[in-house]
Amino acid sequence: MFELKDNSKQHFVIDLVLWVLFAGILIGDLYLYATYSDVSSPLKVLFVIFSTFLLLSVAIFTKKGRIAYAFVLEANIELRKVVWPAKDELVQVTLMVSATIGFISLILWGIDSAFSALISYIAA
């Protein structure tokens, strides 16, 4: 797997320059996207994909970008450890939750109706 070198000792000026470059590319992309509104949709999609790739490429070299990239990798590892429920269990739990919500909704509706009737009786 591709690993990035540690850049925790990267100078803040380099980080600032990269973020300014990121902002410049983003503003330029938005300007070009708005200016060339008559261009066909497939070309716009390709432009957005290329721009996103370019922005991610710049952002990955910043300190915060590396932290975000490490977070995504760790989240992916944790997601692989999840034991997903079987279909039968999923249906059973969904029905139980739906029934519980329905029952509590009926109770709250009854309490609300009782209070509304009581207030109408007192106010009349």
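What does the net charge come to around residue 19 if you take all other residues with beta carbon closer than 14 Å to its beta carbon, with K and R at +1 and D and E at -1? Summing Lys/Arg as +1 and Asp/Glu as -1 gives +2. Helix-only arithmetic for the chain: the sum of -39500 (n - 2.57) across DSSP H runs with n ≥ 4, divided by the residue total, places the mean residue ellipticity at 222 nm at -28000 deg cm²/dmol.
Accessible area per residue for the chain is 85 Å², calculated with a 1.4 Å probe on protein heavy atoms, without ligands, DNA or RNA. Only one residue of 90, 43, 13 has its Cα farthest out toward the positive end of the dipole of the chain, where Lys and Arg carry +1 and Asp and Glu -1 on Cβ, and that residue is 13. For the chain, the number of Lys pairs separated by eight or more positions or lying on different chains, with C-alpha atoms closer than 29 Å, is 8. For helix 12-35, what angle does its Cα long axis make with the longest principal axis of the chain, in degrees from 0 to 90 and rounded to 10? Approximately 70 degrees, to the nearest 10. Once Kirkwood radius over Cα pairs in Å is calculated for the structure shown, the corresponding label among [x] 15.6; [y] 20.8; [z] 13.7 turns out to be [y].
The values are calculated or read from the model by the stated rules, or taken from the named source; none is laboratory data. Just so it is clear, the structure is predicted and the values come from calculations on it, not from any experiment. Please note: Cβ atoms are built from the backbone with ideal geometry, for glycine as well, and neighbour counts cover all protein chains shown. The accessibility values were calculated without ligands, DNA or RNA, using every heavy atom of the protein model including side chains. Shrake-Rupley method; radii C 1.70, N 1.55, O 1.52, S 1.80 Å.
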